[in-house]
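See below for the structure under consideration.
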Amino acid sequence: MKVLIVGSGGREHALAWALSRSPRLSELHAAPGNPGIATLASCHPVHAADQASLVPLAGELGVDLVVVGPEAPLVAGLADELRHRGIAVFGPGAGAARIEGSKAFSKEVMEAAGVPTARSLAVARPPCVVKADGLAAGKGVWVCRTQEELDAALRAAEALGQPFHVEELLEGEEVSLFALCDGARAVLLPAAQDYKRIGDGDEGPNTGGMGSYSPVPHLSETEAAELADAVCTPIVAELARRDSPFLGVLFAGVMLTEDGPRVLEYNCRFGDPETQSILPRLEGDLLEALASSAAGRLGAAPLAVSESAAVTVVLAAGDYPARGDSGSPITGIEDAEATGALVFHAGTALHDGRLVTNGGRILNVTALGDSIATARDAAYAAAGHIDFPGMRYRTDIAAFSRA
């Protein structure tokens with residue numbers, strides 16, 4: 001099969017790495033890709049948001065499947081345009097992608113499907129959560145425990161220039177669930193947890209994600225499957241009832257509260273950096289699974305998953321998330337990979353043949369181990385070989401346990 005991956009981040013590099021291992025793959029392309037993806041695929045200088053160029057590119061390449069990484073092209077209808085041209089796509093059409101593109105729509109669908117979620121609040125009072133209604137690159141959520149935090153959140157939300165809403169603040173353990181969907185069925189992938197705040201101890205502003213790990217302790221496969229039946233399957237059924245079948249990966253952010261699970265949000269694509277911890281644990285053929293999802297014929301059985309644990313540490317620019325960095329030289333990746341770790345490029349570029357920074361989150365270092373603790377040690381050991389000016393990362397990813 002000829003495959004085109006749309007996107008340029010660490011999630012897309014992880015997808016390229018996993019798809020490149022499939023015996024069914026004949027050609028792998030990416031648009032625009034990045035220097036890491038370029039070691040696995042032919043990269044084309046077409047931005048993920050450039051729908052007018054992406055659709056003809058897919059036709060010219062004669063690809064059998066397009067895998068869309070970021071949410072924005074999906075919300076904008078890229079999958080619809082490709083399907084109109086007869087090209088198979090792993091990713092929902094615009095109607096189903098609204099589950100991420102509009103918080104108001106998502107709440108409406110959850111209510112119709114009977115999925116438990118946080119209560120919306122008519123009056124903004126702490127403690128509460130302020131959420132931008134539309135896409136905000138993972139930075140449109142503000143947890144407000146004090147009036148000062150709420151005032152700052154409301155200013156930030158208004159500055160985005162889009163609607164926002166306020167809901168109750170839920171307490172508990174958060175888990176990321178991912179299910180491959182074919183419009184009718186939802187097949188669960190391994191669960192993961194991520195770290196959204198920039199600083200150790202969950203301090204500082206939200207980011208796109210500073211690290212992740214999988215599996216999730218204290219959440220058995222049976223419990224995860226029951227959770228998916230409660231929060232994923234009803235959404236797929238409700239979207240199908242609305243003639244907006246969901247074909248792709250449904251990502252549910254779920255808070256495990258004392259009163260039971262509550263959905264925080266849905267996303268219409270793989271998480272970043274959760275994907276970097278999930279895909280290395282899969283033992284089956286990911287390409288076969290994504291192609292089956294796109295064709296509307298997923299089997300009932302999930303992909304085989306290894307017993308290994310995975311931990312991912314994000315290496316970010318010094319001023320991230322306020323701003324990224326570009327042009328700073330990066331060293332040590334080969335030494336990091338020599339330890340056995342995987343290094344996924346998230347914000348890099350080549351300048352005169354030299355690898356340099358080109359974004360906010362620069363690299364993702366993923367390591368496997370027979371436990372979360374050993375995988376964590378391996379990830380940080382590998383990350384220690386990498387350097388670029390101002391490099392920052394959290395030191396407490398998966399530090400909750402030595403088990």
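Against the criterion of being closer than 29 Å to R392 by Cα and either more than 22 Å from the chain's Cα centre (by Cα) or buried (at least 19 other Cβ atoms within 10 Å of the Cβ) (or both), V123 does not qualify. If you go through the range 336-356 and keep only what is over 19 Å from T312 (Cα atoms) and not in a loop (DSSP other than H, G, I, E, B), you end up with A349, L350, H351, R354, L355, V356. Screening the range 2-121 for helices (runs of 4 or more DSSP H) wholly inside it with 2 or more residues that are among the aliphatic types (A, V, I, L, M), farther than 21 Å from F178 by Cβ and out of contact with any Ser or Thr (no Cβ under 8 Å at 6 or more places or on another chain) returns the ranges 51-61, 103-113. Restricting to the range 191-205, and then to whatever is at pLDDT 95 or above and part of a loop (DSSP other than H, G, I, E, B), can you tell me which residue is nearest to A399 (Cα to Cα)? Ranking the candidates gives Y195 first.
Note on the range 1-20: residues that are open to solvent by 10 Å² or more (accessible area, probe 1.4 Å) and in contact (Cβ under 8 Å) with a residue 40 or more places away in the chain amount to 8. Answer yes or no as to whether G208 is at pLDDT below 95, open to solvent by less than 40 Å² (accessible area, probe 1.4 Å) and farther than 27 Å from E307 by Cα. Spelling it out, G208 is indeed at pLDDT below 95, open to solvent by less than 40 Å² (accessible area, probe 1.4 Å) and farther than 27 Å from E307 by Cα. More than 30 Å from H385 (Cα to Cα) and surrounded by fewer than 22 Cβ atoms within 10 Å (Cβ to Cβ): does that describe G318? No; evaluated as a whole, the condition is false for this residue. Taken over the range 196-224, the criterion of being in contact with an Asp or Glu (Cβ under 6 Å, 6 or more places away or on another chain) and of a type in the set (G, A, S) is satisfied by G209, S212. Restricting attention to the range 126-174, the residues that are surrounded by fewer than 19 Cβ atoms within 10 Å (Cβ to Cβ), of a type in the set (G, A, S) and in a helix (DSSP H, G or I) add up to 3. Among the residues examined, A381 qualifies as of a type outside the set (D, E, K, R), in a helix (DSSP H, G or I) and over 20 Å from the mean Cα position of the chain (by Cα). Among the candidates G33, G62, single out the residue that is on the phi > 0 side of the Ramachandran plot and without any contact (Cβ under 8 Å) to a residue 40 or more places away in the chain. Criteria check complete, one pass: G33.
The values are calculated or read from the model by the stated rules, or taken from the named source; none is laboratory data. Everything numeric in this text was worked out from a predicted model, so none of it was measured. As a convention, Cβ positions derive from the backbone with ideal geometry for all residues, glycine included, and neighbour counts pool all protein chains shown. Quick note on the areas: whole protein, heavy atoms, side chains included, nothing else; ligands and nucleic acids left out. Shrake-Rupley method; radii C 1.70, N 1.55, O 1.52, S 1.80 Å.
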